[in-house]
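So the structure is just underneath, and the comments pick up after that.
The values are calculated or read from the model by the stated rules, or taken from the named source; none is laboratory data. The shown structure was predicted, so the numbers you read here are calculated from the model rather than taken from an experiment. Heads up, the Cβs are rebuilt from the backbone with ideal geometry, glycines too, and the neighbour counts pull from every protein chain shown. With ligands, DNA and RNA removed, areas are computed over all heavy atoms of the protein, side chains included. Shrake-Rupley method; radii C 1.70, N 1.55, O 1.52, S 1.80 Å.
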Amino acid sequence: VSGGVFGSVADITLLRTGGLLTYLLPHECIYCDKAYVTLHTGEHLRVLCPFKGRSATLSIPQIIWNQHINHYRVIVENAIGRIWKFQCLQQPWRHRLGLHPVVFHVCASIAGLDIQSRPLRMDAVEYPELHALDPDDSDDE
């Protein structure tokens with residue numbers, strides 16, 4: 001987790017120029033949204049994006065892939081939302097620029113503790129008893 005970047009810089013530009021991909025272990029990849037689909041070539045094959053287009057124009061495997069990606073993207077967005085609750089990250093930074101990464105790391109750490117005590121989602125694997133009764137499996141006809 002790192003702090004902010006001075007000025008307004010697009011996320012895709014940061015990914016292209018920031019060297020984040022060099023920190024990934026050989027088996028790791030990055031889930032991204034459709035804006036990153038241009039990076040899904042060459043040395044950036046570790047950037048996993050949903051397919052562009054409406055469901056009617058996509059194949060069944062593409063729709064399933066998009067559902068898989070979106071499942072995890074929602075969790076990530078919820079985690080980012082926990083960090084953004086800190087007002088100091090929503091206002092223009094008026095302190096020493098070198099202090100911003102420190103404050104951001106503290107906010108991210110507090111959000112991480114909050115997520116541990118109040119998880120973003122309960123997964124069926126971790127909590128099978130909550131998914132034992134699936135309403136779609138009823139025998140009512």
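Taking amide hydrogens as placed 1.01 Å from N in the peptide plane, the amide H of residue 51 sits under 5 Å from those of 66, each at least 5 positions away in sequence or on another chain. Working note: Karplus 6.51/-1.76/1.60 with θ = phi - 60° gives segment 86-100 the couplings 6, 4, 5, 8, 9, 9, x, 6, 10, 10, 4, 4, x, 7, 4 Hz, where Gly and Pro are set to x. Residues whose amide H falls under 5 Å from that of residue 86, counting only those 5 or more places apart or on a different chain, are absent, with hydrogens built in the peptide plane. Amide H contacts of residue 31: 48, each under 5 Å away and 5 or more positions distant or on a separate chain (H built 1.01 Å from N in the peptide plane; Pro and chain starts excluded). Relative to the current alpha-carbon distance between residue 97 and residue 13, full extension at 0.36 nm per residue lengthens the span by 28.2 nm.
Rolling a 1.4 Å probe across all protein chains gives residue 110 an accessible area of roughly 80 Å².
In this structure, residue 63 and residue 121 have a Cβ-Cβ separation that, at R0 = 30 Å, corresponds to a calculated FRET efficiency of about 0.90.
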